[in-house]
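Q: Below you'll find the structure I mean.
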Amino acid sequence: MKKSTIILIAVVVVIFFMISGAIGKYNTMVTMDEGVDAAWSQVENVYQRRADLIPNLVATVKGYAEHEKETFTAVTEARSKVNNINLEGIVNNPQAMQNFQQAQSGLSGALSKLMVVMERYPELKANQNFLDLQTQLEGTENRITTERNRFNKAAQGYNTVIRRFPGSIYAGMFGFDRKAYFEAEAGAETAPKVEF
């Protein structure tokens, strides 16, 4: 064989492996990107479940505690704020993710106040409809934590792949960006004071 033919074959083989590697990395990134999107959809799903439970819970409590109007208003406003957040592209925007987390924290705080109000009414705590709603809400809060963890793991895996070499080169070429994480709220590292 001629020397030029051998060089040509070697160049073709190298190009073939480079293209195959790029295709493999691209497909991996697409798969992981879709995994992050699916995990995010599940987070949205459980937050929507919570949002759907809140009006029923508020309506049940209102029947027993009509004079707690300020608390009901706070819950309704917090729920409205959460529902008005644009979720489009949120996983690619750390600031939007932080705004979403703040709105969800506000809703959680309002729900906590509602739970305190409910403790003042023994007849409410005996109401089966209320107990069912409370159980569903507690289960939903647990699901939220689980799905947020799953989302963070999917985002971490994806972010690791696009930041490691040679993935970082392909990520830049194909436009794959880092995904935002759910983070603990400011002050979460400090245990709350409990006073009796």
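Q: Name the residue, out of T31, T60, that is modelled with pLDDT of 90 or more, polar (S, T, N, Q) and either touching a helix residue (DSSP H, G or I) at 6+ places or on another chain (Cβ under 9 Å) or assigned to a helix (DSSP H, G or I) (or both).
A: T31
Q: Identify the single condition in (1) under 14 Å from the mean Cα position of the chain (by Cα); (2) more than 24 Å from G89 (Cα to Cα); (3) at pLDDT below 90; (4) not hydroxyl-bearing (S, T, Y) that K193 does not satisfy, given that it satisfies every other one.
A: Unmet condition: (1).
Q: Within segment 140-172, take every residue that is among the small types (G, A, S) and in contact (Cβ under 8 Å) with a residue 60 or more places away in the chain and give me the one that is farthest from M97 (Cα to Cα).
A: G167
Q: Test of understanding: among A51, A22, which residue is assigned to a helix (DSSP H, G or I), over 22 Å from the mean Cα position of the chain (by Cα) and surrounded by 15 or more Cβ atoms within 10 Å (Cβ to Cβ)?
A: Working: A51 fails: over 22 Å from the mean Cα position of the chain (by Cα).
Just one listed residue meets the conditions, A22.
One line per residue, one yes/no per condition, for (1) of a type outside the set (D, E); (2) touching a Gly at 6+ places or on another chain (Cβ under 6 Å); (3) over 30 Å from G175 (Cα atoms):
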site	(1), (2), (3)
I9	yes, no, yes
G24	yes, no, no
G63	yes, no, yes
E68	no, no, yes
N84	yes, no, no
G89	yes, no, no
N92	yes, no, no
N99	yes, no, no
Q102	yes, no, no
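Q: Looking at segment 79-94, can you tell me whether even one residue there is over 15 Å from the mean Cα position of the chain (by Cα), surrounded by 14 or more Cβ atoms within 10 Å (Cβ to Cβ) and touching a residue at least 12 places away in the same chain (Cβ under 8 Å)?
A: Yes, segment 79-94 has at least one match.
Q: Within segment 39-46, can one find any residue that is within 16 Å of L124 (Cα to Cα) and part of a helix (DSSP H, G or I)?
A: Within segment 39-46, the first condition is being within 16 Å of L124 (Cα to Cα), and the residues that meet it are none.
Checked segment 39-46: no residue is within 16 Å of L124 (Cα to Cα) and part of a helix (DSSP H, G or I).
Q: Moving on. Determine whether segment 167-188 contains at least one residue that is at pLDDT 85 or above, β-branched (V, I, T) and in contact with a helix residue (DSSP H, G or I) (Cβ under 8 Å, 6 or more places away or on another chain).
A: So far as segment 167-188 goes, no, none of its residues is at pLDDT 85 or above, β-branched (V, I, T) and in contact with a helix residue (DSSP H, G or I) (Cβ under 8 Å, 6 or more places away or on another chain).
Q: Which residue out of A96, A78, A110, A74 is within 17 Å of E183 (Cβ to Cβ) and among the aliphatic types (A, V, I, L, M)?
A: Among A96, A78, A110, A74, only A96 is within 17 Å of E183 (Cβ to Cβ) and among the aliphatic types (A, V, I, L, M).
The values are calculated or read from the model by the stated rules, or taken from the named source; none is laboratory data. What you see is a predicted model, and the numbers here were worked out from it, not measured in a lab. All Cβ positions, even for glycine, are placed from backbone atoms using ideal geometry, and neighbour counts span all protein chains on display.
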